[in-house]
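Read-outs throughout are calculated quantities, based only on the coordinates presented, and are distinct from any laboratory measurement. Only a predicted model underlies this, so the values are computations on that prediction, with no experimental measurement involved. For neighbour counting, all protein chains shown are included, and Cβ atoms are generated from backbone atoms with ideal geometry for every residue, glycine included.
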Amino acid sequence: MKTTIYVCTHKKAAFPSDPVYRPIHVGRALSQDLGYPGDDSGDNISELNPLFVELTGMYWAWKNDADSDAIGFCHYRRYFFRDGKLLSGADYEEILKDHDMIASDISEGEDNCRERFAEAFNGKDLEAMERSVKKLYPEYSEAFAQAFDAKGGYSGNMIVMPRKMFHEYCEWLFSILFDASGEIDTSAYNGYQKKVFGLLGENMPRVWALHHGLKVYECPIAYSDEKAETKELKLALKVLVKQHKIAEARELFYGVTKQRPDVMLPASDISGELRLIEQLLYIIAGEGDKEGGLLSRSDDLEELLGYYRGLGGSIEAYKRAVGLK
C-alpha cells in the first residue's frame, strides 16, 4: 500500500524524514519558487490559493496523483501525532485497516461552528455554502446542519482517505465550493478574509463522515513551530523596540493583528508571547523615556519578556500565599 501525506507549505520549512510525507508548495503559481514540488502543474487551481489556501494542494492531488493508494494532508507546522509521536507511514496503514478516514481531533468552542465562523468571517458565506449543498446534494443537508450546529468540528483540512474515497470526496467538495463561489463576493475582503473557501472546507470532512456513517480516527494535532506570520511580526517588533520606536511598534502590532487576527491564535502564537508583548508595549508607551522604566532596563524584547514573566510569576505567588484569587 502506497500512502502519500502531502505537507502543504507556502514557506521554507523543515519536513519529517519519513518518505510518507511529501512537501507541496501551495500557491506556487503566485509566489517565488521554494524548491519544492508545487500545485501549479497539470490540472490545477494554484492561482486561486489566496481564496482556497491548502485546498489548492488537495485539488492538485485529486487531479494529478496517479499512483497513491491512500492520500492525506498535513501542514508545514501541523502534523498528526499519536502517543506523543509523529505518525509514520506504517501508522497510517495500520489505522486505515480499521477506520474509513483519519481527521483532526474535534476542536471544541463555546459557540457552535456556525456562530464561530460568523464571528471571524462573513456568516452569509456559510449560508451560501449550505444553499449549494441543498441544491447539489440535498441528501447531505441533515449532516451539514448536524456538523455546523455542533460546538466541535474538524480543522485545517487535515484528512487521510483511501484513494477511491478521496476522489469521491474531492468531486463532492469542490463542486459545492465552486457553486457557492457564485454567491460569495471577496472583492472587499482583506487577505485573511479572502481565505474563505479554505475555511468553509475545514469542517466538510465531518459532513461527509456523518452522512456516510464512516468510522473516523480523530487524531490529535501537534504543532512543530509557530505560524510564519506570527514569527515575522515578533521579529519586526523586536527590531522596533531595539530602536526605541514604541509608537511604531504599537501601530504595527495593531495593524497586523487587525488584518491577520489568526496570528494571535494559540495555535499560531504557541508561546503566548504576543499577548505579553501587547501589554509590554502599552506599559512602555505610558512610561515614555522616564528613568527607571522598562526600556531603561533593556531594549531587548526577549529580556523584557523574561522580566515581565518573572514579575507576573511573583505577583501570582504572592496572591496564592495570602489567599487571594
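A few points about this structure:
- Chain lengthening between residue 139 and residue 239 when straightened (0.36 nm per residue, less Cα-Cα): 30.5 nm
- Evaluated at q = 0.14, 0.16, 0.18, 0.25 Å⁻¹, the base-10 log of the normalised Debye intensity for segment 1-70, with identical point scatterers placed on the Cα atoms, takes the values -0.38, -0.50, -0.63, -1.13.
- Partner lysines for residue 258 [C-alpha distance under 25 Å; skip if fewer than 8 residues away on the same chain]: 11, 124, 194, 195, 227, 231, 234, 238, 242, 245
- Using the alpha carbons alone, the radius of gyration of segment 54-97 stands to its Kirkwood radius in an Rg to Rh ratio of 1.00.
- Net charge dipole size for segment 74-208 [Lys, Arg +1 and Asp, Glu -1 on Cβ; Debye, nearest 20]: 400 debye
- Efficiency of FRET between residue 298 and residue 223 - r from beta-carbon atoms, R0 22 angstrom, step 0.05: 0.15
- Charges were assigned to the Cβ only: +1 to each Lys and Arg, -1 to each Asp and Glu. The resulting dipole of the chain about its Cα centre is roughly 620 debye.
- This ranking places 212, 25 by how few other beta-carbon atoms lie within 10 Å of each, fewest first, which gives 212, 25.
- Cα-based reach from residue 215 at 29 Å (exclusive), listing lysines while leaving out same-chain residues under 8 positions away: 2, 63, 85, 97, 134, 135, 151, 164
- Signed unit charges on C-beta, dipole axis of the chain, positive-most listed residue 173, 252, 24: 252
- Listing 91, 100, 67 from fewest to most neighbouring C-beta atoms within 10 Å gives 67, 100, 91.
- Euclidean distance of C-alpha centroids, segment 215-256 and segment 106-136, integer Å: 27 Å
- Average silhouette area of segment 199-283, convex hull of alpha-carbon atoms, in square nanometres: 7.0 nm²
- Remark on residue 104: its backbone amide H falls under 5 Å from those of 155, 158, 219, a criterion applied only to residues 5 or more positions apart or on other chains, H modelled at 1.01 Å from N.
- Computed [θ] at 222 nm, helices only, for the chain once each DSSP H run of length n ≥ 4 contributes -39500 (n - 2.57): -14500 deg cm²/dmol
- Gain in span if fully extended, residue 82 to residue 66, counting 0.36 nm per residue against the direct Cα distance: 2.9 nm
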